[in-house]
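Values quoted throughout were computed directly from the atomic coordinates according to the rules given, and no laboratory measurement underlies them. Keep in mind it's a predicted model, so treat the numbers as computed, not measured. Every residue, glycine as well, gets a Cβ built from its backbone with ideal geometry; the counts of neighbours run over all protein chains shown.
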Amino acid sequence: MRMEDKVVVITGAASGIGRATAKLFAQEGAIQILSDIDEEGLRETFDILKDDEQNRTTIMKIDVTKPEEVKEMMDHIIKIFKKIDVLVVNAGVVRVGPVETFPDADYDLLINVNLKGTHYTCKYAVPYFKKQKFGSIITLASVAAHIGQTAHANYCSTKAGVLGYTRALALDLAPYNVRVNSVSPGATDTPMLQSDVAKQARDRGISYEEVKKEFEEEGVLGRWATPEEIAYGILFLASNESSYMTGADLRLDGGWTTQ
Ligand SMILES: NC(=O)c1ccc[n+]([C@@H]2O[C@H](COP(=O)([O-])OP(=O)(O)OC[C@H]3O[C@@H](n4cnc5c(N)ncnc54)[C@H](O)[C@@H]3O)[C@@H](O)[C@H]2O)c1
């Protein structure tokens, strides 16, 4: 098992990619602290783990936009588990629409969760990573960090920010033997993408299936990723198999940005 006795923290573990990652890491023997703002979803993630996996799992309701909650979580984890081997900075939201009518409140949410949430999650873990002198941090960027997407200017700006943040943090933590990388998923079949597609369908007056087909055709593989396919990339970056990678971005996008 590749994660045996490793302490793994995942934000946004109540759904989609976070949940799939939690399932995979549980099978690989990790001791996990799963967090999310959605307590019911977190409980569902916990319930789908096997008994022995549940014994190695703690769930915590945490809002990554609240620095005091994030700090409390990191301090608690260190108190109980003494170390963090892997931090998966996954919690995120999407809001789409043309910039001229984009609600300020939606942009605030995108910045607060995707950018500042990423920062707070790293900020309160970094002192411990520096002290222990090992570990791997994985952030969630997106194809939206690399290319433009129609009606996604605000979302793209936050994900491009995550990419820059990840690269720079990799430099700061390299002297401490801590690696920092991102993954950039393409269209991945999760509640987030489904809500994105539904909103675009409503805004453009076309069917859900039509928008879905457009997204499927973005990648040369011609389909959406499963959350599990993204989780395997995260596992690679978490494991020693990627020991010479830092400041890198792993594009898991079905060839979307290759064209
Ligand atoms: N699904 C895709 O196509 C896709 C593509 C590229 C990148 N991503 C990124 O992958 C990550 C996971 O997305 P997903 O598709 O699994 O979405 P999802 O909506 O299924 O899961 C996101 C999780 O983040 C949680 N969350 C939201 N706000 C939070 C907050 N303030 N505090 C704590 N948790 C919060 C949600 O409750 C949810 O459980 C996100 O960062 C997203 O931007 C997704």
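Summary of values
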read-out: Segment Glu210-Ala105, length gained on full extension (0.36 nm per residue, minus Cα span); value: 34.9 nm
read-out: Residue of Ile31, Ile206, Ile234 that the Gaussian network model of the chain assigns the largest fluctuation, springs spanning Cα pairs under 10 Å; value: Ile206
read-out: Computed E for Asp5/Thr226 - FRET, C-beta separation, R0 35 angstrom, nearest 0.05; value: 0.80
read-out: Distant alpha-carbon pairs in region 103-211 (separation over 18 angstrom), percent; value: 56
read-out: Neighbour-count order for Phe81, Phe129, Phe25, Phe46, fewest beta carbons within 10 angstrom listed first; value: Phe81, Phe46, Phe129, Phe25
read-out: Rounded D (µm²/s) - region 146-259, Kirkwood Rh over Cα pairs, Stokes-Einstein at 37 °C, 0.692 mPa s; value: 212
read-out: Lys79 paired with Phe134, simple spin-label distance in nm, labels 7 Å along Cα-to-beta-carbon; value: 2.5
read-out: Order of Ile147, Ile80 - criterion: other Cβ atoms within 10 Å of each residue's Cβ, fewest first; value: Ile80, Ile147
read-out: Spacing of the two label points (7 Å from each Cα toward its C-beta) at Ala168 and Lys61, in nm; value: 3.4
read-out: All-pairs Cα distance distribution in region 6-153, expressed in whole percent, bin size 5 Å; value: 2, 10, 19, 21, 19, 13, 9, 5, 2, 1, 0
read-out: Length-normalised contact order of the chain in % [C-alpha pairs under 8 Å, at least 6 apart]; value: 20
read-out: Under the Debye formula (equal points on every Cα, no solvent term), log10 I(q)/I(0) of region 7-258 at q = 0.12, 0.16 Å⁻¹; value: -0.66, -1.19
read-out: Residue order, fewest to most beta carbons within 10 Å, for Cys122, Cys156; value: Cys156, Cys122
read-out: Label-to-label distance, nm, for residues given as Asp52 and Thr257 (7 Å Cα→Cβ offset); value: 3.8
read-out: P(r) of region 166-214 over all Cα-Cα pairs, binned every 10 Å from zero, in whole percent; value: 23, 29, 16, 20, 11, 1
